[in-house]
Amino acid sequence: MPARRTLAPALLLSLAALLTAACTEERQEPEDPGNRDSRSASPAPTWDGKEDQEEAMERATRALNAVEAGSASREDSGTAALGEGLDRTFTTPGVRPYTFGVACQTPTPRTLTLTLVRGEAESEWEVECGDREAEQFNLPAGGPFTARIAPPDRDVDGLVLWRLSTVAPEDVQDCEDDIAGCGV
């Protein structure tokens, strides 16, 4: 029996030592954002390589294809690096209505503002990067229009794909002029 009495205090001492060791672990205090050195700030998320960029291009192309009407006849298309933004003026001659489709891809979720301008009329639209369907805007034939997306940051990875197409009048859905507004 004397062996049992000495075993219990030994177990209690071991347990106390374990608890004391666990409680005395070094704790890191949260960093004060005001004391942070701007050079040590984490960089913006980037794509790991060419494969990520190619996959992003494929996803953006699928998003544009998802909204393209069967009667669409592509007039112009292109790609812009998100760090450079988009600022392009398009002509819309003829009589058939036009659609302007835009899709973007970035390493992390991001919302961009697309500004469409024709003459005195201007409209702003939000474009969600990574959507499975591109944003598409209807425009009647007529004078030139400008599409702008301001670059969020020069160092940000991302791309913007756009297409300008003519479509049959019956393929224009909702508003006939997404720049000037409906009922114009």
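Taking amide H positions as modeled 1.01 Å from N, with prolines and chain starts lacking one, the residues under 5 Å from ASP131 and 5 or more places away or on another chain are CYS104. Computed from label points 7 Å out along Cα-Cβ, the spacing between GLU133 and ALA121 is 2.3 nm.
Each Lys and Arg adds +1 at its Cβ and each Asp and Glu adds -1 at its Cβ; summed about the Cα centre, the stretch 79-184 shows a dipole of about 360 debye.
Read-outs throughout are calculated quantities, based only on the coordinates presented, and are distinct from any laboratory measurement. Bear in mind the structure is a predicted one, so any value in this text is a computation, not a measurement. Cβ atoms come from the backbone with ideal geometry, glycine included; neighbour counts cover every protein chain shown.
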